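The values are calculated or read from the model by the stated rules, or taken from the named source; none is laboratory data. Predicted model, so just to flag it, every value in this text is computed and none were measured. For neighbour counting, all protein chains shown are included, and Cβ atoms are generated from backbone atoms with ideal geometry for every residue, glycine included.
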Amino acid sequence: MTDARPTSHREVERKLRVHGLFEMPDLHVLDEVSRIDAGEPFTMHAVYHDTDRLTLFRWGITLRRRQGGADEGWHMKLPVAGSDGSSRDEMHLPLAEGEVGSVPAAFIEVIAPLLREQPLVPVVSLVTERTPRMLHGADDRPLAELVDDVVSALHQGRTISVFRELEIEAVDADDPDAMAVLDAAVRLLASAGAEPSSVSKAASALGPRTAEPPDVPALPLPRAGDLAVDAIRAVLSQHVRHLLLADVAVRRDLPDSVHQMRVSARRLRSSFATFAPLLDPTASEPLSDELKWIASELGAIRDTEVMIDRLDRHAGALDDPADTDRARRVIDPVLARRLAAARSSALAALRSDRHQQLVDDLMSAAIDPPVLDAAYTPCDEALLPLVARTWRRLDKAIAGLELDGESTPWHLARIKAKRARYAADAVAGIFGRRMEALADGLADVTELLGDHQDAHVAQTIIRELASHETTDGLTGMSLGLLHEFEAEEEILDRMRFAELWPRVRKSARKAGVA
């Protein structure tokens, strides 16, 4: 075993099931195909790993160790957010990273939030006889590979089923010509009797258990007259699902994943605060405290990323390019070091027993919310007053703001605005268009007040850098110009807010919470 790091690529493929005597149509009739190269048949042996409860399959993840073929090794395929299932991210490690039954630690680290510390074991073995064909485009570029697979599923060394499947995969998922070939080939194959399928080979072999809901299922929101406990369960399930999947994405270092996980943690904490009168505090308050901790760990990364982008962008708006260069030469290395330290700290937190316990507790709370008897009343009776409570607190905070006042009250108003926004957003699907309009208006408020807070934090960072003993006079002057720019932005944000707020108050009245 080595310390190899997984490689990853985006896989876009189409699957089709065919009977044993299916005859491949002539692919040369496709206008998009100029040449077809037929490869030599070969055999692959794959052992799929999962928990005894098929946890990974139920989350849409497959994990295998495969021998044979050009890409033999360990493969883990994960769903792509927002895709129709035909796109998946495939991570790869060499065979030497682990024998059968010993899943590489680099893979376990990625999916740990979903496993709840359950061991991964071999669950099914497949032997695949593969016949490949490479489809080339008009300029003779290889665009897609079509494979004809005869699959034998084995359990304890005995063949339990045999089936045939076709797969066609784009060589480059970002190439529109490759995607055109995929679509045209699927249409031709379907016209010849092939049946499009989204079920993986291993899932077919394992049966319907792989299609059961994951540990935290997606639940529909109830109607206004249904019980509030059903709304609480649906809201918690939604945000816990988002947090778990964002957690996996953070471990893969995907773009925007830290922000998404932090937002999920904040939404969950806000949900516990909004629903507090309907929840058992001995269960909900510790969860809220732990969510605050993990959001803080992630916040150091996100806040630093935001500041790097903001200060670099605004430094570029200074009149003299020399001021821009001097400011960036100080800002970029200092914040880059902070970002590296923040990332290291956050990843350590995600790997900790404390975080794993939080994940387990959140999953349990999503499945069986710690509600009081008051939650067994209709949503319109139990939930609307809770949204109104968050609105009143926000409205009171806004009333105390002054255009030329201190920044702290504006920051506190932003926190209350987020809570009101998340509360309205949580029940918008229950109470309809007017609540949705309020949630949208509050989203505008939180975005604007967020920009205001960023301007304030930027000024603090600039003053810190300007006062450092290694900062020379010219650089200090450049930083002073940038500080002035940020101070003006802070005041402009307050003026923009004064124009926005009356429209949001009107939405609150229409939604019945003001």
Item to check | Residues (touching a strand residue (DSSP E or B) at 6+ places or on another chain (Cβ under 7 Å), surrounded by fewer than 18 Cβ atoms within 10 Å (Cβ to Cβ) and among the small types (Gly, Ala, Ser)) located in the range 69-84 | outcome: GLY69
Checklist entry - Any residue at all in the range 106-114 that is in a strand (DSSP E or B) and of a type in the set (A, V, I, L, M, F, W, C)? => result no
Checklist outcome for this item: With criteria (1) basic (Lys, Arg); (2) out of contact with any strand residue (DSSP E or B) (no Cβ under 6 Å at 6 or more places or on another chain); (3) assigned to a strand (DSSP E or B), ARG17 comes up short on (2)
Checklist outcome for this item: With criteria (1) in a strand (DSSP E or B); (2) under 30 Å from SER237 (Cα atoms), VAL127 comes up short on (2)
Checklist entry - If we scan the range 479-493, do we find a residue that is touching a Phe, Trp or Tyr at 6+ places or on another chain (Cβ under 8 Å) and within 30 Å of VAL427 (Cα to Cα)? => result no
Item to check | Number of the condition not met by PRO220 [criteria: (1) crowded, with 19+ Cβ neighbours inside 10 Å; (2) not in a helix (DSSP H, G or I)] | outcome: (1)
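Matching residues to (1) outside any strand (DSSP E or B); (2) modelled with pLDDT of 95 or more:
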position	(1), (2)
THR43	no, yes
ASP52	yes, yes
PHE57	yes, yes
LEU63	no, yes
ASP84	yes, no
ARG88	no, no
PRO119	yes, yes
THR131	no, yes
Checklist entry - How do the helices (runs of 4 or more DSSP H) wholly within the range 269-373 filter down when requiring 3 or more residues that are in contact with a Ser or Thr (Cβ under 7 Å, 6 or more places away or on another chain): which remain? => result 281-315, 321-350
Checklist entry - Given the residues SER161, SER102, SER87, SER125, which is the only one that is without any contact (Cβ under 8 Å) to a residue 40 or more places away in the chain and polar (S, T, N, Q)? => result SER102
Item to check | Set ARG66, ARG58: member being more than 23 Å from VAL127 (Cβ to Cβ), buried (at least 18 other Cβ atoms within 10 Å of the Cβ) and basic (Lys, Arg) | outcome: ARG58
Checklist entry - How many residues does the range 364-390 contain that are of a type in the set (D, E, K, R) and within 19 Å of SER284 (Cα to Cα)? => result 3
Checklist outcome for this item: Over the range 355-401, the set of residues surrounded by fewer than 18 Cβ atoms within 10 Å (Cβ to Cβ) and hydroxyl-bearing (Ser, Thr, Tyr) is SER364, TYR376, THR377
Checklist entry - Is it the case that some residue within the range 231-243 is under 18 Å from the mean Cα position of the chain (by Cα) and closer than 30 Å to ILE168 by Cα? => result no
Checklist entry - Among the residues of the range 305-313, is any under 25 Å from the mean Cα position of the chain (by Cα), over 30 Å from LEU474 (Cα atoms) and outside the structural domain of VAL457 (by TED's automatic domain parsing)? => result no
Item to check | Search result, residues across the range 294-327 that are under 23 Å from ALA246 (Cα atoms) and in contact (Cβ under 8 Å) with a residue 60 or more places away in the chain | outcome: ILE294, ASP303, VAL306, MET307
Item to check | Conditions (1) within 24 Å of ARG337 (Cβ to Cβ); (2) polar (S, T, N, Q); (3) touching a residue at least 60 places away in the same chain (Cβ under 8 Å): number failed by THR470 | outcome: (3)
Item to check | Failed condition for SER102, given (1) at pLDDT 95 or above; (2) touching an Asp or Glu at 6+ places or on another chain (Cβ under 8 Å); (3) not in a strand (DSSP E or B) | outcome: (2)
Checklist entry - Which fully enclosed helices (runs of 4 or more DSSP H) of the range 404-514 have 2 or more residues being among the aromatic types (Phe, Trp, Tyr), modelled with pLDDT of 95 or more and under 32 Å from the mean Cα position of the chain (by Cα)? => result 407-431, 473-511
